[in-house]
1. Can you list residue pairs whose Cβ atoms sit under 7 Å apart, with the first residue in the stretch 131-155 being on the phi < 0 side of the Ramachandran plot and the second being of a type in the set (Phe, Trp, Tyr)? Count only pairs 6 or more apart in sequence or on different chains.
2. If I filter the stretch 64-94 down to residues being surrounded by fewer than 16 Cβ atoms within 10 Å (Cβ to Cβ) and of a type in the set (Gly, Ala, Ser), which single residue comes out as farthest from residue 108 (Cα to Cα)?
3. Against the definition (surrounded by 14 or more Cβ atoms within 10 Å (Cβ to Cβ), in contact (Cβ under 8 Å) with a residue 40 or more places away in the chain and touching an Asp or Glu at 6+ places or on another chain (Cβ under 9 Å)), how does residue 60 come out, yes or no?
4. Taking strands (runs of 3 or more DSSP E) that do not extend beyond the stretch 74-191, which have at least 1 residues that are modelled with pLDDT of 90 or more and of a type in the set (Val, Ile, Thr)?
5. Filter the stretch 41-57 down to the residues that are part of a loop (DSSP other than H, G, I, E, B) and acidic (Asp, Glu), then identify the one that is surrounded by the most Cβ atoms within 10 Å (Cβ to Cβ).
Amino acid sequence: MKRILILAAATLFAAGAMTAGCDLAGDNDTGDTDPYGLVGTWYRSEFDGEYTEEQTLIIRHNGTFTTTISSDDPDHETLTLAGTYSATATTMTINFTAVNGVPVQEYLEAMLTELEEMIEALIQELIDEEGMTREEAIAHIEDEILETTIDDYLSELEAEMEAMFGQPASSNYTISEDTLTMTDPFGSDTQEIFTRQ
């Protein structure tokens with residue numbers, strides 16, 4: 001049961017961690033200059049010993065982006081993120097505007113609602129299958145699964161999601177021939193390496 005709740009929350013966090021190498025894409029190239037060599041399609045694939053994660057990064061002239069992140073892990077949904085970006089010779093800053101085609105704020109609210117519904121379903125399951133009272137079921141979830149109150153769990157999660165998607169995020173990068181390397185991308189404390197397609 002704990003795994004279900006963690007996976008639900010992780011779906012969102014995966015977006016933040018994996019967006020480390022976000023697809024920066026948009027419609028209607030304007031033909032503007034590309035002083036840093038970022039514009040184009042970039043690809044990353046990473047095997048963690050069990051599953052393979054793939055990410056396509058498309059950077060366009062007009063300062064917008066989209067990115068699709070997928071995994072053969074059945075517990076991960078495919079995520080498509082979009083927004084705007086700006087860059088210097090060494091740093092890229094992004095602003096998310098949509099997740100899976102839904103405005104960021106609306107997506108975050110839907111995720112929180114879904115988690116609330118999952119917690120409520122778990123409470124009902126404990127009542128129906130374990131014979132607990134509602135109060136006992138809530139106490140069990142808070143003590144054994146969340147290790148905090150349900151309200152605090154949801155509040156902390158909302159704050160983390162807002163921090164992840166609701167404000168600009170920056171990453172240092174280098175380009176060498178057809179390789180784009182992002183260091184500590186967007187706060188994820190990792191390094192992502194893309195190749196130009």
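1. Qualifying pairs under 7 Å: 146/153.
2. 89
3. It is false that residue 60 is surrounded by 14 or more Cβ atoms within 10 Å (Cβ to Cβ), in contact (Cβ under 8 Å) with a residue 40 or more places away in the chain and touching an Asp or Glu at 6+ places or on another chain (Cβ under 9 Å).
4. 79-87
5. 48
Yes/no matrix, rows are residues, columns are (1) within 30 Å of residue 37 (Cβ to Cβ); (2) loosely packed, with under 13 Cβ neighbours inside 10 Å:
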residue: 108; (1), (2): no, no
residue: 125; (1), (2): no, no
residue: 131; (1), (2): no, yes
residue: 140; (1), (2): no, no
residue: 150; (1), (2): no, no
residue: 159; (1), (2): no, yes
residue: 165; (1), (2): yes, no
residue: 174; (1), (2): yes, yes
residue: 182; (1), (2): yes, no
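The values are calculated or read from the model by the stated rules, or taken from the named source; none is laboratory data. Note that the structure is a prediction, hence the values are computed from the model and not measured. With ideal geometry, Cβ positions are generated from the backbone for all residues, glycine too; neighbour counts draw on all protein chains shown.
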